[in-house]
Amino acid sequence: MMQRTKEFKNKNSSKSRRSVRVVLVVSCCVVLSFLQLNQKRDSREKEDGSFIKTNIKQFKSPEKDASATPLEGLCSTLFSESPNNLWNKLQDEIVRASYWPLRHANNTNFTDWVDSLFQSRFRSFQITKSLGNRPDPHEALRILEIISKRLAFLDRKSRSDDEEEAVSLHILVTGGSVTAGNNCETNPVGLPAADWRRIVSDCPWPIRLQNLFNQVLFDGKSVVSVTNLAAGGSSTEIGKVALEYHLFPSDIKDKMPHVVVWSHAANDAQEHDLESVYYQQFPQYIAAARNLRPCDDDLPLVVLFEDSFDTSFKYGPVNDMTGMIAKVASWFGLMTVSHANVVKHELWRNFNNESVVESIMGTGFNLHYGLGFHISAAWVLLFSFLSVFVESCEGLQSVSKHEEKQGMIILPKKYLAPYKQGGDLESLLNEWTSNRMESQRYCSQHSSLEGICTYSWMVRTV
């Protein structure tokens, strides 16, 4: 009996030791797996975070093909992947650069909200809906050429005293109070509002777009500058006047923009005569924008940015504006970007759920949306530009500026006549040709950067 008891105890002791060993082995495996996962995650985060720095280094590396132009180098290093892959690789940098202004960067409520906003609604497969009409590849490649020359200039360690500085890409924005930043800092996470001077200077989406370009794509270098001319109540008609008479800040009066962004949808949708907006104000605005560089067949690139949502609970005028923007862009060959396309259906579904609307836009339904709108508006514009850059770089070798083909009439679309009720193709071609000849006569007598504005000198400095 005692012998059996002893054997029983030995068996139990053996089982117990085996159990302990199993637990230890399993625990070690779990810990090891956890450490490996963390190591992989840290490695991936490090790799993603250094993507732009690595590619910028490759762009300026002396080992690169010496025969490659700066534009070819830029396309091969920064814009050689699909827009969606590029967006996914850059997402950590984009989110971090969106903790702006920096006084809020250590507020975890704010940073967690920005993270959630991006991950839930502005991933690559969601944000693709923002880009509508594409510009001509010639225009996009001209933009990239300016960027590449600026990068090459900034990276050059030794410069001659008489070397002319390569200019930064200049984006000029016109719009109303939404674009100016009215109500911009309103948010659902308790951030205190700044005084109006700071709100105007660092909260609206135009300055956020500049920050995203330079921080995310160009490793903090001053490659892109954005000027915000938006003012409360401004319609397309008022924006046209600002462009036509060069009502620009004194520090940019001699720096004509390479890109002009129209952002007047919210005010135009409230106009009583939308037919006048379509047939008169839009064509006049586009002509004024293009005349800022009258001797350049491609620039400025004109972008129509749809930022409006239904705020009066009557969706008709806003929907009419969406259709009008598409028609205008199709006729003149403009680039269109729509923030509304990404989020409007979710906003409409949650019409009676203000907390959902606030989590996306920063406020409930309001003409002047809050911080969420301005952060994500900069995202959709950045994504749209990235997409256009990638697509244009893909065709870099095959795109030849206004390449003449046998028997083909070459007329840059910049000089295309506006649409007219009852117009015919013969009169359209005659006016198109006449516009081109008039531009050539003007440019033979004036500076290439001297905009067409007889009286601008009287009202230019603001």
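Brief remarks on what is shown
- The residue pairs whose first member lies in the range 352-373 and is more than 14 Å from residue 177 (Cβ to Cβ), whose second member is among the acidic types (Asp, Glu) and part of a loop (DSSP other than H, G, I, E, B), and whose beta carbons are closer than 7 Å, counting only pairs six or more residues apart or on different chains, are 371/185.
- Residue in the range 399-421 that is at pLDDT 90 or above, of a type outside the set (D, E, K, R) and open to solvent by 60 Å² or more (accessible area, probe 1.4 Å) present: yes
- Per the conditions (1) within 30 Å of residue 193 (Cβ to Cβ); (2) modelled with pLDDT under 95, the sole criterion not satisfied by residue 319 is (1).
- Applying the criterion of being touching a strand residue (DSSP E or B) at 6+ places or on another chain (Cβ under 9 Å) and of a type in the set (Val, Ile, Thr) to the residues of the range 326-383, the residue that is nearest to residue 84 (Cα to Cα) is 380.
- Subset of the range 79-95 [in contact (Cβ under 8 Å) with a residue 60 or more places away in the chain and closer than 25 Å to residue 114 by Cα]: 82, 83, 86, 87, 90, 93, 94
- Lone qualifier among 458, 437 - being at pLDDT below 80, outside any loop (DSSP other than H, G, I, E, B) and open to solvent by 70 Å² or more (accessible area, probe 1.4 Å): 458
- Inclusion of residue 296 among residues that are over 22 Å from the mean Cα position of the chain (by Cα), surrounded by 18 or more Cβ atoms within 10 Å (Cβ to Cβ) and of a type in the set (Asp, Glu) is warranted.
- The range 335-352, residues that are open to solvent by less than 30 Å² (accessible area, probe 1.4 Å) and under 16 Å from residue 263 (Cα atoms): 335, 336, 337, 338, 339, 340
- Filter pass, residue 355 being at pLDDT below 95 and open to solvent by 40 Å² or more (accessible area, probe 1.4 Å): yes
- Some residue of the range 259-269 being in a helix (DSSP H, G or I), small (Gly, Ala, Ser), more than 21 Å from residue 319 (Cα to Cα) and in contact (Cβ under 8 Å) with a residue 40 or more places away in the chain: no
- Only a single item in (1) within 17 Å of the chain's Cα centre (by Cα); (2) modelled with pLDDT of 95 or more; (3) over 22 Å from residue 222 (Cα atoms) is not met by residue 178, and it is number (2).
- Meets criteria (touching a Ser or Thr at 6+ places or on another chain (Cβ under 8 Å), farther than 21 Å from residue 324 by Cα, surrounded by 21 or more Cβ atoms within 10 Å (Cβ to Cβ) and touching a residue at least 24 places away in the same chain (Cβ under 8 Å)) for residue 228: yes
- Any hit, the range 311-334, residues being open to solvent by less than 10 Å² (accessible area, probe 1.4 Å) and part of a loop (DSSP other than H, G, I, E, B): yes
- Residue within the range 264-283 that is in contact with a helix residue (DSSP H, G or I) (Cβ under 9 Å, 6 or more places away or on another chain) and under 24 Å from residue 121 (Cα atoms) present: yes
- Residue 140 in contact (Cβ under 8 Å) with a residue 12 or more places away in the chain, touching a Cys at 6+ places or on another chain (Cβ under 9 Å), surrounded by 17 or more Cβ atoms within 10 Å (Cβ to Cβ) and in a helix (DSSP H, G or I): yes
- Residue count, the range 83-116 (criterion: at pLDDT below 95, surrounded by 18 or more Cβ atoms within 10 Å (Cβ to Cβ) and part of a loop (DSSP other than H, G, I, E, B)): 1
The values are calculated or read from the model by the stated rules, or taken from the named source; none is laboratory data. Everything quoted here is computed from the prediction, not taken from an experiment. Here the Cβ is made from the backbone with ideal geometry for all residues, glycine too, and neighbour counts use every protein chain on show. Only protein heavy atoms, including side chains, enter the accessible area calculation; ligands, DNA and RNA are left aside. Shrake-Rupley method; radii C 1.70, N 1.55, O 1.52, S 1.80 Å.
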